[in-house]
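S.K.: Let me begin by handing over the structure; questions about it come next.
The values are calculated or read from the model by the stated rules, or taken from the named source; none is laboratory data. Only a predicted model underlies this, so the values are computations on that prediction, with no experimental measurement involved. Cβ placement follows ideal geometry from the backbone for every residue including glycine, while neighbour counts extend to all protein chains displayed.
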């Protein structure tokens, strides 16, 4: 198990804008949270929030399976933040995140 320190650990990636990708994302968040001091109920709350944001992005699709969802996850020892951005075309997540 990895334990995070005072500094944040940042993970950036993109997933297909597809409902099946949500399962992968929820598992990934749980794995990242295992290295933090977050309680199980806090992890579930984070997973539920990310699920709502992911579902919202899927509702914006013109065609099923179109586009990608870029994510940037910051993990500290006591918290996790997730940035989620939807684009209708393929793009490298670094393209979005470098504009922050």
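S.K.: Identify the residue in the stretch 15-36 that is modelled with pLDDT under 90 and in a loop (DSSP other than H, G, I, E, B) and, among all such residues, is surrounded by the fewest Cβ atoms within 10 Å (Cβ to Cβ).
M.R.: 35
S.K.: Somewhere in the stretch 1-14, is a residue touching a strand residue (DSSP E or B) at 6+ places or on another chain (Cβ under 9 Å), at pLDDT below 80 and surrounded by fewer than 11 Cβ atoms within 10 Å (Cβ to Cβ)?
M.R.: Checked the stretch 1-14: at least one residue is touching a strand residue (DSSP E or B) at 6+ places or on another chain (Cβ under 9 Å), at pLDDT below 80 and surrounded by fewer than 11 Cβ atoms within 10 Å (Cβ to Cβ).
S.K.: Among the residues of the stretch 37-47, write down those that are surrounded by 11 or more Cβ atoms within 10 Å (Cβ to Cβ) and either within 16 Å of the chain's Cα centre (by Cα) or in a helix (DSSP H, G or I) (or both).
M.R.: Result: 42, 43, 44, 45, 46, 47.
S.K.: Inspect the stretch 51-68 for any residue being within 22 Å of residue 8 (Cα to Cα) and either assigned to a helix (DSSP H, G or I) or at pLDDT 90 or above (or both) and give the result as yes or no.
M.R.: no
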